[in-house]
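No value in this document is a laboratory result; all are computed from the given coordinates. Keep in mind that what you see is a predicted model, and the values were worked out from it rather than measured. No Cβ is skipped: glycine too gets one built from the backbone with ideal geometry, and neighbour counts run over all protein chains shown.
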Number of protein chains: 2
Amino acid sequence: MSTTLLWDRFRQYFLRYSDFGFTLDISRMRFPDGFFEAMQPKAAHAFDAMRALEAGAIANPDEGRMVGHYWLRTPELAPTPEIRNEIEATREDVAAFAAAVHSGKIAAPGGKAFTQVLVVGIGGSALGPQFIADALGTTGDRMKLHFLDNTDPDGFDRVFAELSDTLATALVVVISKSGGTKETRNGMVETEAAFRDRGLDFAKHAVAVTGAGSELDKVATEAGWLKRFPMWDWVGGRTSVMSAVGLLPMALQGLDTAAFLTGAAAMDARTRVADAKANAAMLLALMWYYAGDGKGGKDMVLLPYKDRLVLFSKYLQQLVMESIGKKLDLDGNVVEQGIAVYGNKGSTDQHAYVQQLRDGVPNFFATFVEVRKGRDGEPFAVEPGITSADYLQGFLRGTRTALYEGGRDSMTISIPDVNAFQVGTLIALYERAVGLYASLVNINAYHQPGVEAGKKAATAVLALQKKVRSSLSAEPKSVQELAAACEADPEAVYHVLTHLAANDPKVRQISGASLDIERFSAIV
Amino acid sequence: MSTTLLWDRFRQYFLRYSDFGFTLDISRMRFPDGFFEAMQPKAAHAFDAMRALEAGAIANPDEGRMVGHYWLRTPELAPTPEIRNEIEATREDVAAFAAAVHSGKIAAPGGKAFTQVLVVGIGGSALGPQFIADALGTTGDRMKLHFLDNTDPDGFDRVFAELSDTLATALVVVISKSGGTKETRNGMVETEAAFRDRGLDFAKHAVAVTGAGSELDKVATEAGWLKRFPMWDWVGGRTSVMSAVGLLPMALQGLDTAAFLTGAAAMDARTRVADAKANAAMLLALMWYYAGDGKGGKDMVLLPYKDRLVLFSKYLQQLVMESIGKKLDLDGNVVEQGIAVYGNKGSTDQHAYVQQLRDGVPNFFATFVEVRKGRDGEPFAVEPGITSADYLQGFLRGTRTALYEGGRDSMTISIPDVNAFQVGTLIALYERAVGLYASLVNINAYHQPGVEAGKKAATAVLALQKKVRSSLSAEPKSVQELAAACEADPEAVYHVLTHLAANDPKVRQISGASLDIERFSAIV
């Protein structure tokens, strides 16, 4: 396309929300003339579905739940006064609690002020706080955040070592909506032990964010933890960052939660409009549809040109893939939907995988995120008249051009700065885009049925481990013998055995040249 | 497939290197009977090409270079005594330098011991050191590593703030093979300024790792930097972690570089064997070929179940995508090759995107990485008879099973522990797999021609910025007017203008409802 035509196309497909400095450019996506018209019925349906969702419909039919994350930043939209009150009371509660912690009114046993926050959570209970903490953190933060987001004992030990003596002034925030997530429970139990080992009273450091009446809620109540904050069944984990899940760590860190919510509400207001070309969230959804033919045929590569946004793609990986990656559509047809998401940051990634983006398999579309402001304070010239930020911008524009010339499509989002307000706008934008896209392809974006299979299979592995362990004796036995004794799949037994041999000091593996002559025993 | 058949298949396709505890299981990849036989001619050709490469052939024909990263851990294989000597001398030099820094023999001006290492580098000059530092670091490290790996001024400021007063005892290691990488140069210039601002003499803190005679080499020589280490044209950036690029930061951090090299050499020895079924690297390459039909048709999802390996996928993203993502094959045909790589860690990712892997678009194959040892020291039971590590293992095995039952293929690599030796084996394994795969699909894995287009376009953007800036005056002008004055693409001019308005205090943007009535001016 000629420069003139591109300029025309740019003017036509460049959306601006001037009130908060947001722009979205979809001109370098090669959708054909008539695309918007063709998509109009689907888009209209998606706008209807979103309107119903925001009004309190059971938008998650499989779980019979409302989907209310938009109310979190605009409580006056909540479908009942009770929900509105809960949201507002929790917000106030979070702010008051953080203020009391900062002032020392709520302090560690002995009266020392809390200095560290150890967040124990996984998935939706960790990715939001991690992204926010990294995007907005400075050396002036009120408290320093640490995370346990797995069930890796070495990972736990590492964070405990990092905390070291500051464990005595660490506030532990355990986050689990269901209260039954095993990784989080293990993190909590190991943290409790780490406190005990140092003669510290865990309950006097502990805070829970969880559903009322959950297992975790009961533990926190019985042990007399410092505080409990609610999670509601109408907020999904991956969209919980504007509930206490995200707000509490943010407030403790000293970040501006009010601006964060205001930013999200501002983007919501703009993307609630049922006019596709004026609606940035619908434009994203339509572009995803166009790129992957409504079937996830292309990966979404996210390239923010700003160090502070390096975790944004990880956050979106969950938000998009867990929401869109579904086997069945709402009518029960097998559709195997999804969009794979990856990316880190520009221009760094230009020195990693952009070689493939430019020249290799054309199985993706790119989303550039431009942050217009380079740095606080005076510009600094790295050569006459040119700053590091000019280079950053040059690399973004240069890569966009190079991709386009190579036949690769991209969109560009531009924001003025990385602050709490703007991060709120970005999250709201993608939350809404995901919801709209789900309607375009007729799936439920708000459940995660596929996660259960892995959990069930894991439970079976743990049960088998106990069985195998108790079948071991001083007499060396083969995998087949042990499998027969346990009436179990020999391969599963073999994996349990090698795991036990590596971790249980009493289990021995006598290796041979092949699996068939391998033997296992246990010291009794 | 029945449990019995799966057990047979597992025994058939489970490769073990018992001498260092490595295993690779390809039994859950659904390649058909006869696959290995059908691939035999291609595999034989790949073994031949690798043998020639290791013997010093010009394996990177486009750039007329040898490809020598395997010599770095086995210098006696180098094709000339000169190369062997250079490798060995550099190793000794790195060790001696790190020892002198640790002992305080080489110290900061004023005699204080260096405590911090600030690595300035990007892509191949950062990802290796970052991966190693995170995988092997402990609170007992001799020095703490920091990185400048972009040209984001806010990102620079952030690291300088983090270093704060310790800048006075920071050793700066500037890494650039060509010596002309702009991001790295900007990082160096900004670091120099940060030192100057604090009254510190940068040259007395600075070390270069670069090609002899490069721009950086000249700067370092003229300014009298502490030390220069060589990079060679027969080592590519993405395979440079076993040259001074990776060894110097590692040695300064106090990690075991000798074990790292030994581990890589051990894997090299095992994967040099021209027998596909006994060669883990060839098995990986063949499985990539099978999964994506030799065309990158499936993404590679990497799931290490260990916090310390969370950066492994980022490291492999570069190694695989920059090597394999090529437009032309060795005969000049357009092939648009590549394999997209992403992933973080398990079981964390099970709470993010594994929903999509299990249920959604089947456009990937998974590689699990198991680390058999859970933690150092005594096992800790989170419930009777069960540890956090048992859960981690249960989730890995459970997810593998759930994926398989859902028709998704996976491989599983297992290593005994995360230490310098084992990390060396993993890197060597993937380096060789990438090289072999490149031969299977007949491409040059050792150049990156596609990166140039973006750089050139970026240079054009910077030149245009200067032109546009000098066209601005007190009188407000439209984008079209300024574009005409600069004889340039109005869209490119517009992007330059909004960037200038956000960063140059003298440039003004007078916004309107549309681009056409927008005006820009500058205070003269």
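Sort shortest first the distances from residue B:96 to its counterpart in every other copy, using label points 7 Å along the Cα-to-beta-carbon line, and give them in nm.
Result, one decimal in nm: 6.9.
Treating the Cα atoms of the range B:1-152 as identical point scatterers in vacuum, please give the log10 of the normalised Debye intensity I(q)/I(0) at q = 0.13, 0.16 Å⁻¹, two decimals.
The calculated log intensity ratios at q = 0.13, 0.16 Å⁻¹ are -1.01, -1.17.
Which whole-number percent of Cα pairs in the range A:166-244 have a distance greater than 15 Å?
Tail fraction, whole percent: 54.
Using the Kirkwood radius over Cα pairs, work out the Stokes-Einstein diffusion coefficient for the range B:336-455 at 37 °C and 0.692 mPa s, in µm²/s as a whole number. Present the calculation step by step, with values, prior to reporting the outcome.
On the way: Rh = 17.2 Å.
Estimated diffusion coefficient is 190 µm²/s.
Show the residues, 5+ positions off or on another chain, whose built amide H is closer than 5 Å to the amide H of residue B:117.
Distant-sequence amide H within range of residue B:117: B:144, B:145, B:146, B:171.
So what is the 222 nm mean residue ellipticity for chain A from helices alone, if each DSSP H run of at least 4 adds -39500 (n - 2.57) and you divide by all residues, rounding to the nearest 500 deg cm²/dmol? List each step's numbers first, then the result.
Values: 17 runs with 238 residues, N = 524.
Result for chain A: -14500 deg cm²/dmol, rounded to the nearest 500.
From the phi of every residue in the range A:391-403, what ³J(HN,Hα) in whole Hz does the Karplus formula 6.51 cos²θ - 1.76 cosθ + 1.60 yield, where θ is phi - 60° and glycine or proline is x?
Rounded to whole hertz, the list is 4, 4, 5, x, 5, 4, 5, x, 5, 4, 5, 4, 5.
What aspartates and glutamates sit close enough to residue B:506 to cross-link, taking a C-alpha to C-alpha distance under 18 Å and skipping anything fewer than 8 places away on the same chain?
Of all the aspartates and glutamates, those that pass the test against residue B:506 - Cα under 18 Å, at least 8 places apart if same chain - are A:376, A:378, A:390, B:475, B:518.
Please report the relative contact order for the range A:390-500, taking Cα pairs under 8 Å with a sequence separation of at least 6, and give it as a percent rounded to a whole number. Kindly include the intermediate steps, with their values, before the conclusion.
Numbers: 41 pairs, mean separation 16.3, N = 111.
Dividing the mean separation by the residue count of the range A:390-500 yields 15 percent.
Rounded, prolate or oblate for the range B:409-524? Axes are the square roots of the Cα gyration tensor eigenvalues, ordered a ≥ b ≥ c, and the cut-off for rounded is a/c under 1.5.
It is prolate, given that a/c is not under 1.5 and a/b is the larger ratio.
Taking chain B as the reference, fit the longest principal axis to its C-alpha atoms, fit the long axis of helix B:3-12 to the helix C-alpha atoms, and give the angle between the two in degrees, 0 to 90, nearest 10.
Its long axis makes an angle of about 70 degrees.
Restricting to bridges with both residues inside the protein assembly as shown, how much of the DSSP beta-bridge set is antiparallel, in percent to the nearest 5?
For the protein assembly as shown, the DSSP antiparallel bridge percentage is about 30.
Within 10 Å of each Cβ in peptide A:489-501, how many partner chain Cβ atoms are there on average? Round it to a whole number, please.
6
Run the simple label-point estimate for residue A:5 and residue A:376 please: 7 Å along Cα→C-beta, distance reported in nm.
Simple spin-label model gives 4.7 nm for this pair.
Given N residues in chain A, what is Rg(Cα) / (2.2 N^0.38 Å)? Before the final figure, lay out the partial values.
Working: Rg = 25.7 Å, N = 524, 2.2 N^0.38 = 23.8 Å.
Normalised by 2.2 N^0.38 Å, the Cα Rg of chain A equals 1.08.
Grab the residue from chain B whose Cβ hugs the B-to-A rotation axis most tightly, plus its distance in whole angstrom.
Value returned for chain B: B:342, 2.
Viscosity 1.567 mPa s, temperature 4 °C: Stokes-Einstein D of the range A:65-162 from its Kirkwood Cα radius, in µm² per second? Each step should come with its number before you reach the end.
Numbers: Rh = 16.1 Å.
D = 80 µm²/s.
In Å, what is the Rg of the alpha-carbon atoms in the range B:249-397, and how long is Dmax?
Considering the range B:249-397 through its Cα atoms, Rg and Dmax are 18.4, 63 Å.
If you filter the range A:77-145 for trypsin sites (Lys or Arg not before Pro), then keep DSSP loop positions with at most 10 other Cβ within 10 Å, what is left?
none
Summarise the long-distance tail of P(r) for the range B:144-201 by giving the % of C-alpha pairs beyond 15 Å. Numbers along the way, then the final one.
Working: 745 of 1653 pairs.
The proportion of pairs with Cα distances above 15 Å equals 45 percent.
How many nm separate the modelled label positions at residue A:40 and residue B:511, each set 7 Å beyond the Cα in the direction of the Cβ?
Reported label-point gap for residue A:40 and residue B:511 is 3.0 nm.
What per residue convex hull volume, in Å³, do the alpha-carbon atoms of the range B:321-378 yield?
Taking the convex hull of the Cα positions in the range B:321-378, it is 137 Å³ per residue.
Each residue of the range B:177-194 in turn: what ³J(HN,Hα) in whole Hz from Karplus with 6.51, -1.76, 1.60 and θ = phi - 60°, glycine and Pro shown as x?
4, 6, x, x, 5, 5, 4, 5, 4, 5, x, 5, 4, 5, 5, 4, 5, 4
Semi-axes of the range A:101-224's equivalent ellipsoid from the Cα gyration tensor, sqrt of 5 times each eigenvalue, largest first, rounded to whole Å? Don't skip to the answer; put the middle values down first.
Working: eigenvalues 79, 64, 46 Å².
Working from the Cα gyration tensor, I get semi-axes of 20, 18, 15 Å.
Within 11 Å, Cβ to Cβ, of residue B:372, how many net charges do the neighbouring residues add up to if Lys/Arg are +1 and Asp/Glu are -1?
For residues surrounding residue B:372, the net value is 0.
May I ask you to evaluate 6.51 cos²θ - 1.76 cosθ + 1.60, the Karplus curve with θ = phi - 60°, for each residue of the range A:126-135 and list the ³J(HN,Hα) values in order in whole Hz, giving x for glycine and proline?
Once rounded to whole Hz, the list reads 9, 5, x, x, 5, 4, 4, 4, 6, 5.
Roughly how far apart, in whole Å, are the Cα centres of the range A:425-449 and the range B:374-412?
31
If a/c stays under 1.5 just call it rounded; otherwise compare a/b with b/c (prolate if a/b is bigger, oblate if not). Do that for the range A:271-343, with a ≥ b ≥ c from the square roots of the Cα gyration tensor eigenvalues.
Taking the square roots of the gyration eigenvalues as a ≥ b ≥ c, the range A:271-343 is oblate.
Report the net charge of residues surrounding residue A:339, where surrounding means a beta-carbon distance below 9 angstrom and charges are Lys +1, Arg +1, Asp -1, Glu -1.
So the environment of residue A:339 carries a net charge of 0.
Within the P(r) computed for the protein assembly as shown, what percentage of the Cα pairs occupies the region above 52 Å?
17
When the C-alpha atoms of the range A:221-312 are aligned to their principal axes, what extent does each axis show, in angstrom, from largest down?
Largest to smallest, the principal-axis extents are 53, 29, 27 Å.
What FRET efficiency comes out for the pair residue A:141/residue A:105, r = Cβ-Cβ distance, R0 = 22 Å, nearest 0.05?
Once rounded, the FRET efficiency stands at 0.70.
So, R0 is 56 Å and r is the distance between the beta-carbons of residue A:193 and residue B:48; what FRET efficiency does that work out to, to 0.05? Spell out each step's value before the answer.
Values: r = 56 Å, r/R0 = 1.00.
So, using R0 = 56 Å, E works out to roughly 0.50.
At 7 Å along the Cα-to-beta-carbon direction for both residue A:84 and residue A:233, put a label point, then send me their distance in nm to one decimal.
Each label point lies 7 Å from its Cα, and together they span 2.4 nm.
Taking amide hydrogens as modeled 1.01 Å from N in the peptide plane, which residues meet the under 5 Å criterion relative to residue B:29, leaving out close sequence neighbours?
Here the answer is B:410, since their amide H atoms fall under 5 Å of that of residue B:29.
Check which residues have an amide H placed less than 5 Å from residue B:343's amide H, if you skip close sequence neighbours.
Close amide H contacts, sequence-distant or interchain: B:302.
Which whole-angstrom value gives the distance between the alpha carbon centres of the range A:111-164 and the range A:486-500?
36
Short version: what are the Cα gyration tensor semi-axes of the range A:434-481, square root of 5 times each eigenvalue, largest first, in whole Å?
One finds semi-axes of 45, 9, 5 Å for the range A:434-481.
Under the convention of a label 7 Å out along Cα→Cβ, give the distances in nm from residue B:84 to the same position in every other copy, shortest first.
8.3
Ordered shortest first, which distances in nm separate the 7 Å Cα→C-beta label point of residue A:466 from those of the other copies?
Between copies, matching label points for residue A:466 lie 7.3 nm apart.
Please report the spacing between the Cα centers of the range A:175-216 and the range A:285-309 in Å, no decimals.
The range A:175-216 and the range A:285-309 have Cα centres spaced 37 Å from each other.
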